[in-house]
Structure formats: structure tokens, C-alpha cells
Amino acid sequence: MKSKRHAKILEIISKYSIETQEELSERLEQEGFHVAQATVSRDIRELKLTKVPGGLGRQKYISLNENPPDMSEKYIRVFRDGFVSMDMAQNILVIRTVSGMAMAVAAALDTMDCHEIVGSIAGDDTIMCAVRTVEDTEILMERLRKMTEP
């Protein structure tokens, strides 16, 4: 339950400008996570969240574990180099890769802030991603297509 809550917190702070623990608690409540303020405080510490200026004199939480921009480029390059094709079956995204590259491409996807992906399984040249919804699958495919364009 804790890991699901942590994943939801990271998703929430990436989607919304969350300024206070109370705001975060309210969003978690809306998502079905009933937690005490002390739990939210502990989660913030464990996830190494910090506040940064968010504009208009306000602040927002971000994760200190986010990859620096140069690392993001490396993961995109790994994705591009290993990618062959992709297709969807409802909310399942199947990605074909160069032989032996599926694990590396899946690891790159894991670090690329693809919050639509619930989980993925990689073989030798195929990755199967469980995506939250059919709509999310289409959005994700479009974003990945753009990454593969020269």
C-alpha cells in the first residue's frame, strides 16, 4: 500500500502545483488514499520532496530524485536506439525493440515520467506495458512517436 501511495504522490505533484501537506492530503483523499497528516509528512521525507518556487510568489513540491536533464536525454537516446515499432490492444501497449534491447528500453521508459504506465514486462525484443486507460495508451503512443522522430 505504501509503494502505491508513494507512486500516487509522485504522480500528483507532477500533475498539480501542490503547495502544502494539506493540499497533498486532500488530493490523496480524492484518489482513495485515507492517510493521517503524520503519514503524509513521513511520505514527503521518504520521497525526498522539496519545495521550489512555483510562480506568483507560491511554492510547490518536487521530487529531488528526478533525473537531471542530461540523463533524460540519455534515456531518450536508449529508447530511440532500441525502438522498432509499437501497437496497442486496448490499454496494453506492445513495443518491439532491436533483439536484446527490450530490458534497456523498458528501463528507459521507467525513468521517463510515463505516469500512464502502471507496469511493464520486458523479454528479449518485446515490452508489454499495462497502461491505465485506452485514452492514456493513445496519448503515450503519440508522445513516444515524437521521441522516435529524427
Acute angle (nearest 10 degrees) that the helix 69-82 long axis makes with the longest principal axis of the chain, alpha-carbon atoms: 30 degrees
Using alpha-carbon coordinates, inclination of helix 134-148 to the longest axis of the chain, degrees: 70 degrees
Rounded, prolate or oblate (a/c below 1.5 giving rounded, otherwise prolate when a/b exceeds b/c) for the stretch 1-49 by Cα gyration tensor: rounded
Nearest-ten-degree value, helix 2-15 long axis tilted from longest Cα axis of the chain: 90 degrees
The stretch 69-148: C-alpha gyration tensor shape, a/c 1.5 cut-off, then a/b vs b/c: oblate
Relative contact order for the chain, counting Cα pairs under 8 Å that sit 6 or more residues apart, in percent: 16 percent
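Coordinate-derived values only; no laboratory data. Values in this document were obtained by computation on a predicted structure and should not be read as measured data.
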